[in-house]
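Note sheet for the following structure.
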Amino acid sequence: MALRQVPMVLRRAPWHSEALRWVPAAAPASRIVLAVIVAAFVISMVWIQQTQTLVRLGGEIQRLEIELERVELERQSILAELALLNDLTTAQRLAYTQLEMRLPRRPVFTRAQPLPPGVSFDLPLWAAPTQPLREPPWWEELAREVSTRITRLAE
């Protein structure tokens with residue numbers, strides 16, 4: 001005789017009983033106290049390090065502000081000295097005493113000639129056109145020839 005097979009129905013456990021499997025069991029009190037002490041130590045060390053950094057940076061900022069004030073005072077004194085030296089009377093006194101300059105006895109004026117064609121003040125000096133070359137006078141050529149012959153005879 002054949003055994004009658006009874007279908008097996010799997011029943012699911014209620015959800016709260018499955019959820020309890022994932023909830024950790026209560027830890028001993030000594031571990032919890034130890035974890036709190038370690039966390040407090042780590043937080044206090046980070047706090048101390050941040051405070052030390054702030055104090056160090058504050059000192060550095062204070063030192064740089066003092067140096068900035070010193071540089072500003074030096075700048076102000078240099079500007080005051082420059083204002084004194086740029087005075088016309090001071091410049092004249094320095095010119096007369098140290099550079100030994102004098103006023104001209106009789107001013108000399110020259111007349112400006114018109115610029116040659118093609119020359120302007122906008123061009124640099126090397127770009128300005130030059131006058132055409134002229135031949136030297138006859139007596140310069142004669143003097144050069146005589147000096148050349150004398151040099152040859154001396155050699």
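The values are calculated or read from the model by the stated rules, or taken from the named source; none is laboratory data. Not measured: the values here are computed from a predicted model. Ideal geometry is used to build each Cβ from the backbone, glycine not excepted, and the neighbour counts take in all protein chains shown.
Test each condition in (1) polar (S, T, N, Q); (2) modelled with pLDDT of 80 or more; (3) exposed (fewer than 10 other Cβ atoms within 10 Å of the Cβ) for residue 131 and report the one that comes out false.
With (1) polar (S, T, N, Q); (2) modelled with pLDDT of 80 or more; (3) exposed (fewer than 10 other Cβ atoms within 10 Å of the Cβ) applied to residue 131, the lone miss is (2).
Taking the residues in the stretch 86-107 that are in a helix (DSSP H, G or I) and exposed (fewer than 10 other Cβ atoms within 10 Å of the Cβ) as candidates, determine which candidate is modelled with the highest pLDDT. Lay out the reasoning, then the answer.
Of the stretch 86-107, the ones in a helix (DSSP H, G or I) are 88-97.
Keeping just the survivors that are exposed (fewer than 10 other Cβ atoms within 10 Å of the Cβ) gives 88-89, 97.
Numbers: 88: 85, 89: 86, 97: 90.
If we take residues in the stretch 86-107 being in a helix (DSSP H, G or I) and exposed (fewer than 10 other Cβ atoms within 10 Å of the Cβ), then 97 is modelled with the highest pLDDT.
Kindly indicate whether any position in the stretch 7-29 is at pLDDT below 95, at positive phi and not small (Gly, Ala, Ser).
Among the residues of the stretch 7-29, not one is at pLDDT below 95, at positive phi and not small (Gly, Ala, Ser), which makes the answer no.
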